[in-house]
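The values are calculated or read from the model by the stated rules, or taken from the named source; none is laboratory data. Just so you know, these numbers come straight off a predicted model, no measurement behind them. Heads up, the Cβs are rebuilt from the backbone with ideal geometry, glycines too, and the neighbour counts pull from every protein chain shown. These accessible areas exclude ligands, DNA and RNA; they are computed on the full protein's heavy atoms, side chains included. Shrake-Rupley method; radii C 1.70, N 1.55, O 1.52, S 1.80 Å.
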Amino acid sequence: MSIVSTEFGVIATHENDLIGKILNRDLIWEPHNIALMRKYINEGDVVLDIGANIGFFSVVLSKIVGDGGKVHSFEPVLENFKLLEFNCSKLSNIVLHYYALGDQIGNVTLSSERGNMGNSYITNESFGDIKLMRLDDLAIEPNFIKLDVQGFEYDVLLGGLETIIYRDWE
């Protein structure tokens with residue numbers, strides 16, 4: 001584990017992982033996405049961080065929505081989830097979910113790329129040890145969705161059509 005102090009707080013990363021290397025060098029990850037989040041998310045919003053990885057964006061989103069808002073962070077990879085828990089442990093407006101989202105309920109198998117734990121992807125959709133849920137079954141009404149799930153985005157969106165279509169997106 002490596003610890004990096006950023007403008008959003010202290011972030012624990014995987015040793016020698018892509019995100020950790022960039023955070024150590026630049027003290028920020030994907031600033032263009034942070035700018036978009038600041039533009040479209042308001043204080044008090046409910047946001048989803050689907051594919052939360054180690055929680056860098058969850059921490060950023062927590063600061064943007066403030067104490068009156070809520071961040072739901074979804075991460076199915078145990079090694080990432082442990083760092084997500086650590087990075088979000090002092091932020092009371094974050095709810096952690098240790099499972100994947102898709103278009104059905106069940107279990108899946110994930111594979112991860114060595115040196116880039118953020119590049120985890122579903123290799124088998126019919127069985128496995130990772131719990132799979134549908135967004136529509138969670139009774140969350142988000143104002144904003146950050147979705148980064150390595151090619152499984154379509155399945156996540158299919159499992160959340162009612163949530164997305166019937167949401168009042170003011």
How many residues, within region 147-166, are closer than 14 Å to L132 by Cβ and either touching a helix residue (DSSP H, G or I) at 6+ places or on another chain (Cβ under 9 Å) or of a type in the set (A, V, I, L, M) (or both)? 5
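Please work out if D129 is under 23 Å from D45 (Cβ atoms), over 17 Å from the mean Cα position of the chain (by Cα) and either of a type in the set (K, R) or modelled with pLDDT under 95 (or both).
When the stated conditions are applied, D129 does not pass them.
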When every residue in region 65-101 that is closer than 17 Å to A12 by Cβ and assigned to a strand (DSSP E or B) is compared, the one most open to solvent (accessible area, probe 1.4 Å) is L96
Counting only residues that are in a loop (DSSP other than H, G, I, E, B) and either touching a strand residue (DSSP E or B) at 6+ places or on another chain (Cβ under 9 Å) or touching a residue at least 60 places away in the same chain (Cβ under 8 Å) (or both), how many does region 1-28 have? 7
Can you give me the number of residues within region 23-56 that are open to solvent by 20 Å² or more (accessible area, probe 1.4 Å) and hydrophobic (A, V, I, L, M, F, W, C)? 6
Does region 29-64 hold any residues that are more than 10 Å from the chain's Cα centre (by Cα), assigned to a loop (DSSP other than H, G, I, E, B) and either of a type in the set (D, E, K, R) or farther than 20 Å from V10 by Cβ (or both), and which are they? E30, I41, N42, E43, G44, D45
Any residue at all in region 110-117 that is open to solvent by 20 Å² or more (accessible area, probe 1.4 Å), out of contact with any Lys or Arg (no Cβ under 7 Å at 6 or more places or on another chain) and at pLDDT 95 or above? no
